[in-house]
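Q: Structure below; questions to follow.
What follows draws every value from the coordinates through simple rules; no lab data is involved. Owing to the predicted nature of the structure, the values given are computational and were not obtained by experimental measurement. No Cβ is skipped: glycine too gets one built from the backbone with ideal geometry, and neighbour counts run over all protein chains shown.
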Amino acid sequence: MTKTIIFDLGKVLIPFEIRRGYAALQRHCGCPAEEVPRRIAATDLVSRFEMGQLSGQQFFEEISALLDLEVSYSLFCEIWSSIFLPETLIPEGLLESLRANYRLLLLSNTNAIHFAMVREHYPLLRHFHDYVLSYQVGVLKPAPEIYQAALACAGCLPRECFYTDDIAEYVEAARRQGLDAVQFYSLAQLKEELGKRGVGWQGAK
């Protein structure tokens with residue numbers, strides 16, 4: 001019996017396109033857009049930031065030095081968060097209805113800048129009972145510790161937790177911890193998976 005439903009954030013709840021951020025950064029630095037990801041990928045800055053080892057200000061300073069950026073911190077935050085698209089992949093009404101009967105958790109590899117932005121601009125996040133975030137936990141998926149943190153937050157048995165993520169590797173890692181996990185492809189597929197488990201919501205047939 002499902003008691004807790006756990007969602008990934010990016011490309012499950014909210015779509016994003018990394019290239020939008022790279023293109024926006026290119027306008028403020030001394031290298032072409034295609035060079036931006038190469039320079040960033042050659043470092044461990046993003047993983048350190050998403051594990052909470054760097055503050056937003058520290059990350060900004062290191063990225064600015066790496067890319068010769070000349071922008072304010074506030075503008076950088078806007079640029080860094082420009083990857084997110086306005087229309088969500090899952091409607092707010094579904095989350096609101098699920099919340100009435102199930103514990104809802106968000107489990108995400110993310111960082112302080114991105115999460116502050118999505119909380120401000122995507123009201124559907126208010127329906128979650130709690131968030132398990134890599135930069136707060138200190139580890140990234142697919143490390144076992146982040147799933148264990150989610151289970152502790154769920155307060156029920158692993159098999160009573162339904163989890164969906166767009167990345168197959170992360171789904172498999174969740175299954176190794178005993179969670180009932182499926183890869184996310186679409187809203188219709190998610191509803192089908194929930195229905196198979198007897199999970200109901202307003203409007204479900």
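Q: Against the conditions (1) in contact with a Phe, Trp or Tyr (Cβ under 9 Å, 6 or more places away or on another chain); (2) surrounded by fewer than 16 Cβ atoms within 10 Å (Cβ to Cβ); (3) in a helix (DSSP H, G or I), where does Leu94 fall short? Just the number, please.
A: (2)
Q: Do any helices (runs of 4 or more DSSP H) lying entirely in region 1-70 carry at least 3 residues that are free of Cβ contacts under 8 Å to residues at least 24 places away in the same chain, farther than 30 Å from Leu105 by Cα and not polar (S, T, N, Q), and which ones are they?
A: 35-41, 56-67
Q: Right, here's the next one. Yes or no: region 162-169 includes at least one residue that is surrounded by 18 or more Cβ atoms within 10 Å (Cβ to Cβ), over 16 Å from the mean Cα position of the chain (by Cα) and within 23 Å of Leu94 (Cβ to Cβ).
A: Taking every residue of region 162-169 in turn, at least one turns out to be surrounded by 18 or more Cβ atoms within 10 Å (Cβ to Cβ), over 16 Å from the mean Cα position of the chain (by Cα) and within 23 Å of Leu94 (Cβ to Cβ).
Q: Related question: Taking the conditions exactly as written (without any contact (Cβ under 8 Å) to a residue 60 or more places away in the chain and under 16 Å from Pro15 (Cα atoms)), does Glu92 satisfy them or not?
A: Yes.
Rundown of residues vs (1) part of a helix (DSSP H, G or I); (2) closer than 28 Å to Ser55 by Cβ, yes/no style:
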| residue | (1), (2) |
| --- | --- |
| Leu89 | no, no |
| Leu104 | no, no |
| Arg119 | yes, yes |
| Val132 | no, yes |
| Glu145 | yes, yes |
| Glu172 | yes, no |
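Q: For the structure I just gave you, tell me whether Leu133 is farther than 19 Å from Ile90 by Cα and touching a helix residue (DSSP H, G or I) at 6+ places or on another chain (Cβ under 9 Å).
A: Yes, satisfied.
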